[in-house]
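The values are calculated or read from the model by the stated rules, or taken from the named source; none is laboratory data. Fair warning: this is a prediction, and the values are worked out from it, not measured in the lab. So basically every Cβ, Gly included, is an ideal-geometry build from the backbone, and we count neighbours across all protein chains shown. These accessible areas exclude ligands, DNA and RNA; they are computed on the full protein's heavy atoms, side chains included. Shrake-Rupley method; radii C 1.70, N 1.55, O 1.52, S 1.80 Å.
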Amino acid sequence: MMMSPSGFLKLCQRPPSLSALRNGSMWRWNCSGNLITNVCLWTHPSKRCVSTAPSLHVADLTEREKRVLDKLYDGLVKGHRAALAESITLVETQHPRKKELAQVLLQRVLAYRQEQERANGNQPVAFRIGLSGPPGAGKSSFIEVLGKMLTGQDHRVSVLAVDPSSCTTGGSLMGDKTRMTELSRDMKAFIRPSPTSGTLGGVTRTTNEAILLCEGAGYDVVLVETVGVGQSEFAVADMVDMFVLLIPPAGGDELQGIKRGIIEMADLVVVTKYDGDLVVPARRIQAEYTSALKLLRKKSKSWNPKVVRVSSQTGEGVTELWSTMLAFRSAGLCSGELQTRRRSQQKVWMWSLIQENALRHFQEHPSVRSALPLLEERVTRGEISPGLAADLLLKAFTSTTS
């Protein structure tokens, strides 16, 4: 049963108890916290005007909530780490009301960041870098050395480390602050481990919002670290300006051990542990990856991916690596690719969140929940095909919501 676009929009709206949509209007915050701009979205085929405004309006806030949001926002734009940590905790919450408050805060920070970018000649004020690699590649050691060098150059560095959650207990290790002992004590650095909670293949759904908060707090370099090599890397690549793949110099058949798609996404490949007995293997791996990258399709017209060697133990190659990263950013800004990339990333994440929320609404629908156990049992017994079961569940969902 095909649903009309207007019907789909209706399904994606939040529960009526929290909705306060006003036809023909949308609000956003300017940097001083005032509401501005009215916009409406026309849907087809009904041509009715549907408000794109968040469902929580300022009038809905209690005095206590207003004070809390004002305190968080003021502390955030002043660069207070405690306010940034509390703000990220707020956007990570699953509590319905707090999720609404988080969106109000994010709108204010988004407007503040837009004002900063306009003052910066409509160019991004922060450099977002995604870091990934197989376990044992030395990601944490590399981040600490790079982070300390950057804070020494008066940069402010935030590290968003995606921490794997247990599928059974939901717990996670949160070990990055213990591995980055020096950087975690640096007042110009901020380290935030985030549990995956089983979403987006290892990247939390709120990581993109945490990046926005870090930029609002004045951090001009944002490092997003993810664990392993898999689906999470594709999600990270859709939220950063530069995707960096870290690989150890000794690990068997490295080229076959990492997916081709991951290598294709890399803007820079870093061979770590270039010291001691691993100097010769590191040079060999660098040559192999340099040859491999020449055979892959280029994803940028302004940049050719490079392979470099670094040592977190001796610091060799780290300064040159940062110069290479800055050259990439400069090339992207001059060609306009970086700005285009950010705009497309926002659309990708919008649809990712739509898919995630649509699936949640589907799973929580009364008709689906009542029919699901029996259909699952019949599928496992082989009585009906998974495709037929899916069609029946979708029919139950759409027949009561259209």
Please tell me if R378 is surrounded by 13 or more Cβ atoms within 10 Å (Cβ to Cβ), assigned by TED's automatic domain parsing to the domain that holds M239 and among the basic types (K, R). no
Scan region 368-386 and give yes if some residue there is of a type outside the set (A, V, I, L, M, F, W, C), in a helix (DSSP H, G or I) and under 30 Å from S300 (Cβ atoms), otherwise no. no
Check L106 against each of (1) within 30 Å of E65 (Cβ to Cβ); (2) without any contact (Cβ under 8 Å) to a residue 60 or more places away in the chain; (3) open to solvent by less than 40 Å² (accessible area, probe 1.4 Å) and name the one condition it does not meet. (2)
May I ask you to list the residues in region 90-99 that are loosely packed, with under 14 Cβ neighbours inside 10 Å and in a helix (DSSP H, G or I)? P96, R97
Can you pull out every residue in region 57-89 that is assigned to a helix (DSSP H, G or I) and loosely packed, with under 12 Cβ neighbours inside 10 Å? A59, E63, R64, R67, A82
E115 fails exactly one of (1) among the charged types (D, E, K, R); (2) in contact (Cβ under 8 Å) with a residue 12 or more places away in the chain; (3) crowded, with 17+ Cβ neighbours inside 10 Å, namely (3)
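Okay, residues lined up against (1) among the hydrophobic types (A, V, I, L, M, F, W, C); (2) under 25 Å from S330 (Cα atoms); (3) in the same structural domain as A217 (by TED's automatic domain parsing):
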| site | (1), (2), (3) |
| --- | --- |
| A82 | yes, no, no |
| T93 | no, no, no |
| Q103 | no, no, no |
| L106 | yes, no, no |
| E115 | no, yes, no |
| M149 | yes, yes, yes |
| A161 | yes, no, yes |
Could you list, in sequence order, the residues of region 321-330 that are crowded, with 17+ Cβ neighbours inside 10 Å and either under 10 Å from W303 (Cα atoms) or not assigned by TED's automatic domain parsing to the domain that holds V307 (or both)? F328, R329
Which of (1) more than 23 Å from the chain's Cα centre (by Cα); (2) touching a residue at least 40 places away in the same chain (Cβ under 8 Å) does A327 not meet, given it meets every other one? (2)
Every listed condition ((1) farther than 30 Å from M242 by Cα; (2) surrounded by 11 or more Cβ atoms within 10 Å (Cβ to Cβ)) holds for E356 save (1)
Need the failing condition index for W349 against (1) open to solvent by 50 Å² or more (accessible area, probe 1.4 Å); (2) in contact with an Asp or Glu (Cβ under 9 Å, 6 or more places away or on another chain), just the number. (1)
Of the residues in region 296-314 that are surrounded by fewer than 18 Cβ atoms within 10 Å (Cβ to Cβ) and among the hydroxyl-bearing types (S, T, Y), the one that is nearest to L333 (Cα to Cα) is S302
